[in-house]
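Have a look at the structure below before the remarks.
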Amino acid sequence: MRILLDECVPWPLARLLVGHNCSNPYKRGWGGVKNGELLKLAEEEFDLFITSDQNLRYQQNLSGRKIAILELSSNDWYSIQADAECIRQAVDRIASGDFIHHLVTLSR
């Protein structure tokens, strides 16, 4: 699966998504591009957009999108790392056009 990690998502998450092709806006030359335009660009090249922006679903019309969106409830790296297996399961079950809010279990 081709995955775009939002700027607000820690890049090391890509190492936990073994078997998937991950990138981020900076690597694509899209650094600083706002969410509406970013989603439009991402839909052309990616299957899944992972973000921790809790406002995305309220600020953007997500209906009719072909890209799947996984919204993490936190961008805390330690919590994401501790919840890696559940995140991988969410990635494995998400389908085109889906929006899933994933509650990251806070650790520490």
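The values are calculated or read from the model by the stated rules, or taken from the named source; none is laboratory data. Here the structure is a predicted model, which means the values were calculated and not measured. Using ideal geometry, Cβ is built from the backbone for each residue, glycine included, and neighbour counts are taken over all protein chains shown.
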*Within the stretch 69-96, which residues are among the charged types (D, E, K, R), within 27 Å of GLU44 (Cβ to Cβ) and in contact with a Ser or Thr (Cβ under 9 Å, 6 or more places away or on another chain)?*
GLU71
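Given the structure, is ILE94 surrounded by 14 or more Cβ atoms within 10 Å (Cβ to Cβ) and modelled with pLDDT of 95 or more?
Working: surrounded by 14 or more Cβ atoms within 10 Å (Cβ to Cβ): yes; modelled with pLDDT of 95 or more: yes.
It is true that ILE94 is surrounded by 14 or more Cβ atoms within 10 Å (Cβ to Cβ) and modelled with pLDDT of 95 or more.
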_Can you tell me which condition GLU45 does not meet? The list is (1) at pLDDT 95 or above; (2) touching a helix residue (DSSP H, G or I) at 6+ places or on another chain (Cβ under 6 Å); (3) over 20 Å from ARG88 (Cα atoms), and all the others hold._
(2)
*Does the stretch 1-29 hold any residues that are among the β-branched types (Val, Ile, Thr) and at pLDDT 95 or above, and which are they?*
ILE3, VAL9
*Is the stretch 81-104 home to any residue that is part of a helix (DSSP H, G or I), over 14 Å from the mean Cα position of the chain (by Cα) and in contact (Cβ under 8 Å) with a residue 40 or more places away in the chain?*
yes
